[in-house]
Amino acid sequence: MKCGDFSTFYTLMGQLPKVTWFRLDLYNWEGFWYVGDHLPGAMDAKSNFQAKDDDVLLTSSVKTGTTWLKAIIPTIMNPKGRKDDDSDDPSLKHHPNELTPSLELGFYKVNPNPDLSHMPSPRLFRTHI
């Protein structure tokens, strides 16, 4: 279900099961619980993301070691030209969130249908969808 239109999203959100947990409103969409401000990006990513054959997707549940993997995967994917002294290790200069962008919290939260064609292959993304 596409929700790029905010009025459509808020209508749908009002129909979803909702609970309050530690002062956070959580909404159940397709069997998973989402914080309200994460839900539009998750819906748009699911509706609009077009994977390429060589895309790498880090998909995981929350609190399962995702940050650790976000730091390691870019280093594994780009071994060419590496020096023995680790001076060019991307994880020393960038936070793991910069190295592995989120589909639903980065690209699709800002724009319901972003143009990702400018990204060089292989593209690396993370998601909790």
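The values are calculated or read from the model by the stated rules, or taken from the named source; none is laboratory data. What you are looking at is a predicted structure, and each value in this text was computed from that prediction instead of being measured. Glycine also receives a Cβ, built like all others from the backbone with ideal geometry; neighbour counts cover every protein chain displayed. Ligands, DNA and RNA are stripped out before the accessible areas are found, and what is left, the full protein with its side chains, is counted by its heavy atoms. Shrake-Rupley method; radii C 1.70, N 1.55, O 1.52, S 1.80 Å.
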Looking across the stretch 18-60 at residues that are basic (Lys, Arg) and either without any contact (Cβ under 8 Å) to a residue 40 or more places away in the chain or part of a loop (DSSP other than H, G, I, E, B) (or both), the single one that is surrounded by the fewest Cβ atoms within 10 Å (Cβ to Cβ) is ARG23
Just to be sure, is LYS109 among the basic types (Lys, Arg), modelled with pLDDT of 80 or more and open to solvent by 30 Å² or more (accessible area, probe 1.4 Å)?
yes
Say whether the condition of being in contact with a Phe, Trp or Tyr (Cβ under 6 Å, 6 or more places away or on another chain) and within 25 Å of TYR10 (Cα to Cα) is met by at least one residue in the stretch 53-71.
no
